[in-house]
Amino acid sequence: MISPLVDAYALQYTSPEEALMQEINEFTMRNHPQSNMLSGHVQGKLLSFISTILRPKYVLEVGTFVGYSGLYLAQGLSPDGELHTLELREEDAQTARRYFARSEKGKQIHLHTGNALDLIPQIDRKWDLVFIDADKTGYIDYYELVVPRLSDRGMILADNVLFHGEVLEEPIKGKNAKAIQAFNEHVKQDPRTEQILLTVRDGLLLIKKK
């Protein structure tokens, strides 16, 4: 969606990754068959900025992957804060656990494995920040589970809302692209919230309660 030249320029003028984050990034690019799922340097820094500004006590991440985005989301946690991150795949969860253990925020991170639709209702928190980056067909369900439990200043970030540009096709063909388009429309029509779509990486939708 974005010109490689623009991407490279943005990267050039974005603060560098910390050593651990660079290690995760490079390891994932070399070894993971779905390395394209990594949030990446620029988006990771954006997640860190938002978290640092909000200073959340409770953060929920739906879709841990290898822990890269979770560690950036954790950077702004208050001293008594918690990040709860949910991952369906045990192999990725094991990778994330290794990296979490090496982070100074590791003791504040709680990784849950299993189906997010089952796990979210079990975690009794008012969320200050939610990051949704999991199976695209589940976005509306995840959204509906977390909106009633947002704190007064809470924010939801939903990733991949441009879905590689497939949401711009006429007609939209792919199952995931159709699901993302339905999610975008669902949020747009929700009277409880307002939103802004950022054209960062694969699209990031920022949502907050009115």
Residue by residue through segment 89-125, note down the ones that are open to solvent by 20 Å² or more (accessible area, probe 1.4 Å) and among the polar types (S, T, N, Q). GLN94, SER103, GLN108, THR113, ASN115, GLN122
Where a residue in segment 110-121 is closer than 15 Å to TYR139 by Cα and its partner, wherever it lies, is assigned to a strand (DSSP E or B) and open to solvent by less than 40 Å² (accessible area, probe 1.4 Å), with Cβ under 6 Å and at least six apart: ALA116/VAL62; ALA116/LEU86; LEU119/LEU86
Would you call VAL130 part of a helix (DSSP H, G or I), modelled with pLDDT of 95 or more, open to solvent by less than 20 Å² (accessible area, probe 1.4 Å) and not aromatic (Phe, Trp, Tyr)? no
Take the residues of segment 33-43 that are free of Cβ contacts under 8 Å to residues at least 40 places away in the same chain and either farther than 19 Å from ARG98 by Cα or not hydrophobic (A, V, I, L, M, F, W, C) (or both): which is surrounded by the most Cβ atoms within 10 Å (Cβ to Cβ)? HIS41
What is the residue count in segment 1-43 for residues that are of a type in the set (Val, Ile, Thr) and at pLDDT 95 or above? 4
Top-ranked residue in segment 86-110 [being part of a helix (DSSP H, G or I) and of a type in the set (A, V, I, L, M, F, W, C); ranked as farthest from ILE132 (Cα to Cα)]: ALA101
Of all residues making up segment 158-185, the number that are open to solvent by 50 Å² or more (accessible area, probe 1.4 Å) and out of contact with any helix residue (DSSP H, G or I) (no Cβ under 6 Å at 6 or more places or on another chain): 9
Of the residues LEU86, LEU73, LEU60, LEU46, only one is among the aliphatic types (A, V, I, L, M), open to solvent by 10 Å² or more (accessible area, probe 1.4 Å) and at pLDDT 95 or above; which? LEU46
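The values are calculated or read from the model by the stated rules, or taken from the named source; none is laboratory data. All values derive from a computational prediction rather than experimental measurement. Because the Cβ atoms are built from the backbone with ideal geometry, glycine has one as well, and the counts that use them run over all protein chains shown. Remember, those area values only see protein heavy atoms, side chains included, never the ligands or the DNA or RNA. Shrake-Rupley method; radii C 1.70, N 1.55, O 1.52, S 1.80 Å.
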